[in-house]
1. Hey, does region 24-33 have a residue that's touching a residue at least 60 places away in the same chain (Cβ under 8 Å), small (Gly, Ala, Ser) and part of a loop (DSSP other than H, G, I, E, B)?
2. Can you tell which of GLU63, GLU80, GLU41 is surrounded by 15 or more Cβ atoms within 10 Å (Cβ to Cβ), of a type in the set (D, E, K, R) and at pLDDT 95 or above?
3. Just checking, which of LEU11, LEU57, LEU52 is of a type in the set (A, V, I, L, M, F, W, C) and out of contact with any Gly (no Cβ under 9 Å at 6 or more places or on another chain)?
4. Return the residues of region 69-110 that are in contact (Cβ under 8 Å) with a residue 60 or more places away in the chain, closer than 22 Å to LYS18 by Cβ and part of a loop (DSSP other than H, G, I, E, B); say none if nothing qualifies.
5. Could you list, ordered by first residue, the pairs with Cβ atoms under 6 Å in which the first is in region 54-67 and under 18 Å from PRO102 (Cβ atoms) and the second is surrounded by fewer than 14 Cβ atoms within 10 Å (Cβ to Cβ), at least 6 apart or interchain?
6. Taking the options VAL45, VAL39, VAL59, name whichever one is in a loop (DSSP other than H, G, I, E, B), of a type in the set (A, V, I, L, M) and under 24 Å from ASN93 (Cβ atoms).
Amino acid sequence: MSAKDQPVYTLLVEAGRKPGDGLPEGATGAALLCYAGGVDEAEAVRETVAILKQAGLSVLDVEGHGTPEERRAQGHEIDEEEAGLMARAAEENAVIVAQVTPFFDEDAPD
């Protein structure tokens, strides 16, 4: 199976802080929405974690949300932009970080 034929998985990654991670000042971590291909979801998770660690992020947890077909079967809508990012992940055999949402401690003093 070539990389282009592998399914693409939607992964939600939780990252903590680490010096030089590129997250905004004051952030306590972040959630990253990623798309990655693999022969199975476990491989997609391993590849994503390896890439994010190389980028200097501290990966705490990864939650898999399945392939586009699995997500549609669960009632998820996948818009044109998201489908395009998934196609790019497959075409380039890459991990695509589609969204980064920093976390901030609500109780921290200003």
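The values are calculated or read from the model by the stated rules, or taken from the named source; none is laboratory data. Keep in mind the model is a prediction, meaning the values are calculated, not measured. Glycine also receives a Cβ, built like all others from the backbone with ideal geometry; neighbour counts cover every protein chain displayed.
1. As a first pass, look at region 24-33 and keep what is touching a residue at least 60 places away in the same chain (Cβ under 8 Å): 24, 26-33.
With the extra rule that they be small (Gly, Ala, Ser), the set shrinks to 26-27, 29-31.
Now restrict to residues that are part of a loop (DSSP other than H, G, I, E, B): 26.
Yes, region 24-33 contains at least one residue that is touching a residue at least 60 places away in the same chain (Cβ under 8 Å), small (Gly, Ala, Ser) and part of a loop (DSSP other than H, G, I, E, B).
2. Numbers: GLU63 fails: surrounded by 15 or more Cβ atoms within 10 Å (Cβ to Cβ); GLU80 fails: surrounded by 15 or more Cβ atoms within 10 Å (Cβ to Cβ).
Within the list GLU63, GLU80, GLU41, the selection yields GLU41.
3. Working: LEU11 fails: out of contact with any Gly (no Cβ under 9 Å at 6 or more places or on another chain); LEU57 fails: out of contact with any Gly (no Cβ under 9 Å at 6 or more places or on another chain).
Among LEU11, LEU57, LEU52, only LEU52 is of a type in the set (A, V, I, L, M, F, W, C) and out of contact with any Gly (no Cβ under 9 Å at 6 or more places or on another chain).
4. Once the filter is applied, which keeps residues that are in contact (Cβ under 8 Å) with a residue 60 or more places away in the chain, closer than 22 Å to LYS18 by Cβ and part of a loop (DSSP other than H, G, I, E, B), region 69-110 yields ASP105, ALA108.
5. Taking only residues 6 or more apart or on different chains, the pairs are GLY56/GLY20.
6. Values: VAL45 fails: in a loop (DSSP other than H, G, I, E, B); VAL59 fails: in a loop (DSSP other than H, G, I, E, B).
Sole residue among the options that is in a loop (DSSP other than H, G, I, E, B), of a type in the set (A, V, I, L, M) and under 24 Å from ASN93 (Cβ atoms): VAL39.
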